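K.L.:
One structure, pasted below without further comment.
Taken together, the values in this text are just the output of simple stated rules run on the coordinates, not laboratory data. Quick caveat: nothing in here was measured; it's all calculated off a predicted structure. Note that we place each Cβ from the backbone using ideal geometry, even for glycine, and neighbour counts take in every protein chain shown.
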Amino acid sequence: MSEEVIRLENVWVKFGDHIVLEDINLSVRNRDFLGIIGPNGGGKTTLLKVILGLIKPTEGNVTVLGNPPEKSRRFLGYVPQISQFDREFPATVLDVVLMGRLGAKGILRKYSSEDIRVAEEVLESVNMLEFKDEHVGRLSGGQIQRVLLARALVTDPKILLLDEPTASIDEPTKIDIYELLKELNRKVTIVLVSHDIGVISSYVEKIACLNRRLYYHGSKEVEGEVIEETYQCPIYLIAHGFPHRVLRRHDKKDSREK
């Protein structure tokens, strides 16, 4: 069995009287591809930030690669959820990817030829090298996500954390990105937050269902009742032509699309 790389034990996160995460126990092993699903406000982004060490738990213990998260952060790549950004910001694709090297260099140091070489190699791996001198604001949504993925990969991480990497992207582009992630998973552990329940089940190896509490963590062959319990309402999946676990149907009068 592969080694454990992320462990959360009895983790609680509270903001004042508001409980965001409740008694979370989670284990992720080397080269797992874990998809975390759940409703908006269910704590998925908070969970990623706990793993990154950006949010300290109110209670419980977190270890990443055998150490506290803040000591392992240099081995983590993170792609945050992006909804809006300034498309007039004067940066090329290569500039954005090189930003991923700043943590190791210090913000005032110049990029070396090695930094540029590594950035170009990573851009090639995500099929974006030809756009390296392009103004990032001129790219499509899917291209921007590939650039952000390259920025996360430029430090050669052991673990890749992604928060809604295919939000607001058309269906064919989503599939391209998931195929790319599946290829990357040969070398890197991936933890991915997504609302694409049906589509991600074709790519991830394990699923976690999170809505403040962890309702399920295991095989992607998750039962419909668990999904309903997580979302706290009836669920009806739309296939979009991709294979996935088909959940039981509900009466139209009380069904809700998710």
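K.L.:
Can you find, within segment 171-199, the residue that is surrounded by the most Cβ atoms within 10 Å (Cβ to Cβ) among those that are of a type in the set (Asp, Glu), closer than 25 Å to residue 227 by Cβ and free of Cβ contacts under 8 Å to residues at least 60 places away in the same chain?
P.N.:
196
K.L.:
While we're on this one: What strands (runs of 3 or more DSSP E) lie completely within segment 10-101 and have 1 or more residues being more than 26 Å from residue 181 (Cα to Cα) and among the aliphatic types (A, V, I, L, M)?
P.N.:
In segment 10-101, the matching strands (runs of 3 or more DSSP E) lie at 18-29.
K.L.:
Taking segment 12-45, which residues are more than 18 Å from residue 162 (Cα to Cα) and surrounded by fewer than 22 Cβ atoms within 10 Å (Cβ to Cβ)?
P.N.:
12, 14, 15, 16, 17, 18, 19, 20, 22, 23, 25 - these are the residues of segment 12-45 that are more than 18 Å from residue 162 (Cα to Cα) and surrounded by fewer than 22 Cβ atoms within 10 Å (Cβ to Cβ).
K.L.:
Still on this structure, please answer the following. Under 9 Å between Cβ atoms, at least 6 apart or on separate chains: pull out the pairs that start in segment 23-40 with a residue that is touching a residue at least 24 places away in the same chain (Cβ under 8 Å) and end on any residue that is among the aromatic types (Phe, Trp, Tyr) and outside any strand (DSSP E or B).
P.N.:
33/203; 35/203; 37/231; 38/231; 39/231
K.L.:
Just to be sure before I move on: is residue 63 surrounded by fewer than 19 Cβ atoms within 10 Å (Cβ to Cβ) and touching a residue at least 60 places away in the same chain (Cβ under 8 Å) in the structure I sent?
P.N.:
When the stated conditions are applied, residue 63 does not pass them.
K.L.:
Next question, about the same structure. Of the residues 226, 122, 191, which is touching a Gly at 6+ places or on another chain (Cβ under 9 Å) and within 24 Å of residue 43 (Cα to Cα)?
P.N.:
None of the others qualify; the one that does is 191.
K.L.:
Keeping to segment 167-193, report how many residues are of a type outside the set (Asp, Glu), out of contact with any strand residue (DSSP E or B) (no Cβ under 6 Å at 6 or more places or on another chain) and not in a helix (DSSP H, G or I).
P.N.:
Total meeting the criteria: 5.
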